1. For residue 127 and residue 207, calculate 0.36 nm times their separation in residues minus their Cα-Cα distance, and state this gained length in nm to one decimal.
2. For the chain, what is the charge dipole size about the Cα centre, in debye to the nearest 20, if Lys and Arg each add +1 at the Cβ and Asp and Glu each add -1 at the Cβ?
3. What FRET efficiency comes out for residue 94 versus residue 178 if R0 is 22 angstrom and r is the Cβ-Cβ distance? Round to the nearest 0.05.
4. I want the local charge near residue 120. Using Cβ-Cβ distances under 13 Å, sum +1 for each Lys or Arg and -1 for each Asp or Glu among the other residues.
5. To check you understand DSSP bridge types, tell me what percent of the beta bridges within the chain (both residues inside) are antiparallel, rounded to 5.
6. I need the phi-derived Karplus couplings for segment 60-71: 6.51 cos²θ - 1.76 cosθ + 1.60, θ = phi - 60°, integer Hz, Gly and Pro marked x.
7. From largest accessible area down, sort 155, 92; use a 1.4 Å probe on the protein chains.
8. What do you reckon, how do 28, 137, 182, 169 stack up by accessible area (1.4 Å probe), largest on top?
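The values are calculated or read from the model by the stated rules, or taken from the named source; none is laboratory data. Just so you know, these numbers come straight off a predicted model, no measurement behind them. Glycine also receives a Cβ, built like all others from the backbone with ideal geometry; neighbour counts cover every protein chain displayed. Note: accessible area is taken over every heavy atom of the protein model, side chains too, but ligands, DNA and RNA are not part of it. Shrake-Rupley method; radii C 1.70, N 1.55, O 1.52, S 1.80 Å.
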Amino acid sequence: VLGLFYAGSAVTCPVCERSYRKFLPYGRISTRENALCPNCLSLERHRLIWVYLQQQTDFFKTKKHVLHIAPEACYISRFEKIHSDGYITADIESPLAKVKMDIHQIPFEENKFDVVLCNHVLEHVDDDIQAMREIHRVLKPGGFAILQVPFFNPIPEVTFADPTITDKREREKIFGQDDHVRKYGHDYPKRIAQSGLTPVEDKFVFTLPDNEVKKFGLARGEIIYRGNK
């Protein structure tokens, strides 16, 4: 219904291909303008990953084995259409996922998946490096993972975690959200490397023309963090 009030053509969601005069505002702590697609509910990061996979990989061109951890609703039916039974969604509790699993112990054999998608998950788990080791294990040689995490200013040099902080308000103040267990720093690529994956900091969004960034409602400063096997 909100989409009717936002009718227009200034922005287009690359995920669902609907156009609007602008996207909806969104934010848990501070509101971001032009963030949420009224139709598929994609956010800036979802649209960036979509455009990245479309322009920088063959994800949409060839059928693959894909593990999607904590799957976002805007992707599920669209990825299933491309990869059919090879597309597996997994989460510890989400009803959207086909497989219930703990990311610390992924219940699949090694060298199974061409791609693992893990978007804004690692900040919630007890041992992010162990989780990435598991992602490395189930990836095929030559496969890759998209490993996005949030960064909150000021970004520390070294990732900070303290399990003794249990007060929700304190956690939100320190980690950016009350359900986060760490605040990521500039050492994030080194943490990816500790898992056995080869880290890539891809500044893809910086290569896009301004009109495309504006059209798709992307965040100009977001880096794609990729782990290659």
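1. Stretched fully, the residue 127-residue 207 segment lengthens by 25.5 nm.
2. 740 debye
3. For R0 = 22 Å, the calculated efficiency reads 0.75.
4. -4
5. Close to 55 percent.
6. Per-residue couplings from phi come out as 8, 9, 10, 5, 10, 8, 10, 9, 10, 8, 6, x Hz.
7. 92, 155
8. 169, 28, 137, 182
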